[in-house]
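Peer 1: Take a look at this one; I'll ask things after.
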Amino acid sequence: MKRRIAIFGSTGSIGTQTIEVIAQHPEMFSLEILSAHSNADALIEQAQKYKPNIVIITDETKYEKVNHALAADHIKVFAGEKSLVEIAASDSYDILLTAIVGYAGLLPTLAALEQGKTVALANKETLVVAGDIVTAVAAKNNALIIPVDSEHSAIFQCLEGEKHNVVEKVILTASGGPFLGKKPNYLINVKKDHALQHPNWTMGAKISIDSASLMNKGLEMIEAKWLFGLQNEQIEVVVHPQSIIHSMVQFEDGSIKSQMGLPDMKLPIQYALAYPQRIKNDYKRLQFKNYPSLTFEAADVKTFRNLALAKEAMFKGGNAPCVLNAANEIVVDAFIRNKIGFLEMSDIIETCLTKMNFIETPTLNDYIETNRETRLYAAGLIK
Ligand code: NAD
Ligand code: MG
């Protein structure tokens, strides 16, 4: 039986790489569902080439265009955010790969987990916003969440065969991004074009900015906490500029396991879709002689305050990570539109964390409201 795959966010960086992985293994996977937000042309092109059964365009103004273009191929076309939730809850697929960026991934992911579906999770914001609820829903419905984020895939792989052993800590590696070693007097003037140039990975705009500001690593600490049921104190970050060690697990005997490889997201994507199997591919192999030194250093959280703010939100718990995420989505968007400077992003996030109402044990509705209110508040701080 082939695994029937749904990709939400198929036109993005992770989405297109997932299509490549699936196309390379037609004996194992069939592509059933694609979704995109507003890039109708890219979605139409993907659908005409790969012939899924269903496509969803969340921007409803593009529905007519997509529906018209795909009518001859007998592909069912749906529109709007509600359709993502409805299709996620349907029987039309086996594994949902969530490659949507941001908070928008939350409700569709929950809908899939409620049906006991396997979720290959790239959309880390879902766990940052409501990790307690998301993991509880998964546990209740025996639904598996397999990480796609490379660090978390590394940890997941290190934990295979170790179910009965005690983890002392996990060590997330961070490349340091394009501004590694820079100080505030430099960062104050950087513009989006520079911030978007990641040294080791090619990714969507939002995660590229998050990587430059180290917010990405903060979001990943929170993601790790929920994925692996860790205490806050068990999660460490180390800067490793070569991005060869994707992350590590230290067990209670002091032994450390790491997962290594060239930086290529197709590997964790393939691992998540084929799990628990490893399948053969022809991706470029790591040659140690090309990496004579793998280096490690502490993260500079005084300069890259977003990492400190994320850590603070993680320790505070409740709806604080949801506030952090919502404020971050607003400031990243504003930075990309040249409305605010690089360092102002942290100022606004910090203000939101202090000003928004703290809720210790939020319901799903509290998270939805916290997200909405924080976005409004953060947007109000941007002239
Ligand atoms: P991207 O911007 O390239 O693509 C985002 C996709 O989501 C697009 O298909 C877009 O149409 C869709 N989308 C955007 N807004 C939406 C909305 N409001 N509703 C529904 N769909 C929407 O992003 P990406 O780099 O592929 O990242 C996707 C997710 O994967 C993010 O959460 C990111 O943090 C995570 N991730 C990405 C990488 C990477 O290498 N790109 C690595 C690890 C984790
Ligand atoms: Mg990552």
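Peer 1: Could you tell me which of Ser258, Ile279, Ile269 has its Cα farthest along the dipole of the stretch 258-333 towards the positive end, charges placed at Cβ (Lys, Arg +1; Asp, Glu -1), taken about the Cα centre?
Peer 2: Ranked along the dipole, the leading option is Ile279.
Peer 1: Would you please give the FRET efficiency between Leu294 and Lys316, computed as 1/(1 + (r/R0)^6) with r the Cβ-Cβ distance and R0 = 45 Å, to the nearest 0.05?
Peer 2: 0.85
Peer 1: Let me know the charge dipole size of the stretch 3-147 about its Cα centre in debye, to the nearest 20, where only the beta-carbon of Lys, Arg (+1) and Asp, Glu (-1) is charged.
Peer 2: The calculation lands at about 160 debye.
Peer 1: Net charge near Asn328, counting Lys/Arg +1 and Asp/Glu -1 over other residues with Cβ under 14 Å of its Cβ?
Peer 2: Summing Lys/Arg as +1 and Asp/Glu as -1 gives -4.
Peer 1: Still on this structure: For Cα pairs less than 8 Å apart in space and 6+ apart in sequence, what is the mean separation divided by the residue count of the stretch 3-147, i.e. the relative contact order in percent?
Peer 2: Reported as a whole number, the value is 21 percent.
Peer 1: Strictly greater than 25 Å: what percent of every Cα pair in the stretch 153-316 meets that?
Peer 2: That fraction is 34 percent.
Peer 1: Could you report the accessible area of Ile22 in Å², rounded to 10, computed with a 1.4 Å probe on the protein chains as they sit in the structure?
Peer 2: Looks like 10 Å² after rounding.
Peer 1: Please state the charge dipole magnitude for the stretch 231-383, taken about the Cα centre, from unit charges on C-beta atoms (+1 on K and R, -1 on D and E), reported in debye and rounded to the nearest 20.
Peer 2: It works out to roughly 700 debye.
Peer 1: Further question on the same structure: How much accessible area does Lys311 have with a 1.4 Å probe, in Å² rounded to the nearest 10?
Peer 2: Surface open to solvent at Lys311 totals about 90 Å².
Peer 1: Continuing with the same structure: For the peptides 113-122, 162-171, 198-207, 316-325, what is the packing order when you average, over each peptide's residues, the other Cβ atoms within 10 Å and list the highest mean first?
Peer 2: My ranking of the peptides, most packed first, is 316-325, 113-122, 198-207, 162-171.
Peer 1: Near the amide H of Phe29, under 5 Å away, which other amide H atoms are found, from residues 5 or more places off or on another chain, if H is placed in the peptide plane?
Peer 2: Arg3
Peer 1: Sticking with this one: Rounded, prolate or oblate: which one fits the chain, using the alpha carbon gyration tensor with axes a ≥ b ≥ c (rounded when a/c is under 1.5, else prolate when a/b beats b/c, else oblate)?
Peer 2: Because its axes are fairly even, with a/c under 1.5, the chain counts as rounded.
Peer 1: Then there's this: Can you flag which of Lys217/Lys280; Lys225/Lys257; Lys182/Lys257 are past 25 Å Cα-Cα?
Peer 2: Lys217/Lys280; Lys182/Lys257
Peer 1: Hey, if we sort His25, His74 by accessible area with the 1.4 Å probe, largest down, what's the order?
Peer 2: These residues rank, largest area first, as His74, His25.
Peer 1: On to the next question. Please name which of Ala327, Met345, Gly317 has its Cα lying farthest along the dipole of the stretch 317-370 towards the positive end, using unit charges on Cβ (Lys, Arg +1; Asp, Glu -1) and the Cα centre as origin.
Peer 2: Met345
Peer 1: Okay, next question. Collect residues whose amide H, placed 1.01 Å from N in the peptide plane, falls under 5 Å from the amide H of Ile359; neighbours closer than 5 in sequence don't count.
Peer 2: For Ile359, whose amide H was placed from the backbone, the distant partners under 5 Å are Asn319, Ala320.
Peer 1: Follow-up question, since we're still on this one. If you wrap a convex hull around the alpha carbons of the stretch 158-255, what volume per residue comes out, as a whole number of Å³?
Peer 2: 117
Peer 1: Here's a follow-up. As a test question: what accessible area, to the nearest 10 Å², does Val238 have when a 1.4 Å probe is rolled over all protein chains in place?
Peer 2: The accessible area of Val238 comes to roughly 30 Å².
Peer 1: Would you mind getting the Kirkwood hydrodynamic radius of the stretch 3-147 from its Cα pairs, rounded to one decimal in Å?
Peer 2: By the Kirkwood definition, the hydrodynamic radius is 14.9 Å.
Peer 1: Suppose we keep just the DSSP beta bridges with both residues in the chain; what percent of those would be antiparallel, to 5?
Peer 2: If we restrict to bridges inside the chain, about 25 percent are antiparallel.
Peer 1: Now for a separate question. Roughly speaking, to the nearest percent, how much of the stretch 190-263's 1.4 Å accessible area is carbon and sulfur?
Peer 2: Reported share for carbon and sulfur atoms: 48 percent.
Peer 1: Calculate the length of the line joining the C-alpha centroid of the stretch 129-178 to that of the stretch 306-377, in whole Å.
Peer 2: 23
Peer 1: Over the stretch 3-147, how many pairs of lysines fall under 22 Å by alpha carbon, counting only those 8 or more apart in sequence or from different chains?
Peer 2: Going through the stretch 3-147 pair by pair, I get 15.
Peer 1: Turning to a different aspect of this structure: To the nearest 20 debye, what charge dipole does the chain have about its Cα centre, counting +1 at the Cβ of each Lys and Arg and -1 at the Cβ of each Asp and Glu?
Peer 2: In debye, rounded to 20, the chain gives about 740.
Peer 1: Give the long-range amide H neighbours of Ser175: residues separated by 5 or more places, or on another chain, with amide H under 5 Å away, using H modelled in the peptide plane at 1.01 Å from N.
Peer 2: Under 5 Å from the amide H of Ser175 lie the amide H atoms of His240, each far enough along the sequence or on another chain.
Peer 1: Where does each of Tyr271, Tyr50 land when they are ordered by accessible area, with a 1.4 Å probe and the largest first?
Peer 2: Correct descending sequence by accessible area is Tyr50, Tyr271.
The values are calculated or read from the model by the stated rules, or taken from the named source; none is laboratory data. What you see is a predicted model; the values in this text were computed from it and never measured. Cβ atoms come from the backbone with ideal geometry, glycine included; neighbour counts cover every protein chain shown. The area values use the complete protein model at the heavy-atom level, side chains included, leaving out ligands, DNA and RNA. Shrake-Rupley method; radii C 1.70, N 1.55, O 1.52, S 1.80 Å.
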